[in-house]
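The values are calculated or read from the model by the stated rules, or taken from the named source; none is laboratory data. A quick note: this is a predicted structure, and the numbers were derived from the prediction, not measured. Positions of Cβ are backbone-derived with ideal geometry, glycine not excepted, and every protein chain shown enters the neighbour counts.
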Amino acid sequence: MVDLRDKAVLVTGAGRGIGAAAARVLAQAGATVGLMARTAESVSDLAAEIGGVVLVGDVARAADMERAVASFRDRTGRLDVLINNAGVIGPIAGIADADADAWGQAIDVNLKGVFHGIRAALPVMRAAGGGTILTVGSGAAHAPQEGWSAYCASKAGALMMTRAVDLEARADGIRAISLSPGTVATDMQAAIRDSGVNPISRLDWSVHIPPEWPARALLWMCGPEADAFLGGEISLRDEAIRRRIGLIS
């Protein structure tokens, strides 16, 4: 297991799903974990459980992200890892029927939120001589799905953000990698199931992996074994990757 003792890790969208699972795994590895969410109530119990730092803000707002990073750095004296996890699936609708404001909000969270996180973290990490920026991506970045135009477009853009920051900042010691977890048994996946809009919504629930798997993958990505994927994407659909991380034997 990667040792994160004396390290500070900020997780966005930490209130549930992959974010909450990752926070627990990272804390078990020794990290001080910043739990960013839009309300303190959504992460207060988790913060008490793992000794985490509550950070309130909306990743869609640049000023909120900057405040969260500054507050966490002031509290811990450092920022070693940023995990861009916050995301939304909606609006689940065809392009002609999608609400324009909801479509724009998905871009604000899933794409601009990643930009805001990277932009806020880079000066802190550069000043410290390096750091790791991990973004929770999706296979939707590579293939369109009916009713998911906002999600697919935003995840494709977020993957390009990983490639862009690697190009611009690897020489400064910044490690940037995207994680494509596949389908995960979370509240978001339940909303997808309930929509019935495309083949993914009709998958049997038993095929979805538990959120602890991407959480453990994110921990592994904090370590040097993941350096072969800098500027790229790790997919948990790949059985060889699952074995390498220790998710399956």
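Listed values, structure above:
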| item | result |
| --- | --- |
| Filter result (aliphatic (A, V, I, L, M) and crowded, with 19+ Cβ neighbours inside 10 Å) within region 157-177 | Ala158, Leu159, Met161, Val165, Ala169, Ile174, Ala176, Ile177 |
| Criterion violated by Phe229 - all others in (1) buried (at least 21 other Cβ atoms within 10 Å of the Cβ); (2) modelled with pLDDT of 95 or more satisfied | (1) |
| Hey, Val184 within 22 Å of Ala120 (Cα to Cα) and crowded, with 18+ Cβ neighbours inside 10 Å or not | no |
| Among (1) outside any helix (DSSP H, G or I); (2) in contact with a helix residue (DSSP H, G or I) (Cβ under 9 Å, 6 or more places away or on another chain), the one test that Val197 misses | (2) |
| Test: residue in region 162-179 that is modelled with pLDDT of 95 or more, of a type outside the set (Gly, Ala, Ser), in contact with a Gly (Cβ under 6 Å, 6 or more places away or on another chain) and assigned to a helix (DSSP H, G or I) | yes |
| Asp64 being more than 16 Å from Ala121 (Cα to Cα) and either assigned to a helix (DSSP H, G or I) or in contact with a Gly (Cβ under 9 Å, 6 or more places away or on another chain) (or both) | no |
| Qualifying residue in region 83-99 (condition: within 17 Å of the chain's Cα centre (by Cα), at pLDDT 95 or above and not in a loop (DSSP other than H, G, I, E, B)) | yes |
| Considering residues of region 1-43 that are in contact (Cβ under 8 Å) with a residue 40 or more places away in the chain, within 24 Å of Gly246 (Cα to Cα) and in a loop (DSSP other than H, G, I, E, B) only, the residue farthest from the chain's Cα centre (by Cα) | Met1 |
| Selected residue (criterion: nearest to Pro91 (Cα to Cα)) from residues of region 200-229 that are part of a helix (DSSP H, G or I) and in contact (Cβ under 8 Å) with a residue 60 or more places away in the chain | Pro214 |
| Test: Val59 is in contact with a His (Cβ under 9 Å, 6 or more places away or on another chain) and within 24 Å of Arg175 (Cα to Cα) | yes |
| Lone qualifier among Ala153, Ala176, Ala185 - being touching a Lys or Arg at 6+ places or on another chain (Cβ under 9 Å), free of Cβ contacts under 8 Å to residues at least 60 places away in the same chain and not hydroxyl-bearing (Ser, Thr, Tyr) | Ala176 |
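Condition check ((1) among the basic types (Lys, Arg); (2) touching an Asp or Glu at 6+ places or on another chain (Cβ under 6 Å); (3) part of a helix (DSSP H, G or I)) across all residues:
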site	(1), (2), (3)
Ala48	no, no, yes
Val54	no, no, no
Arg73	yes, no, yes
Leu79	no, no, no
His116	no, no, yes
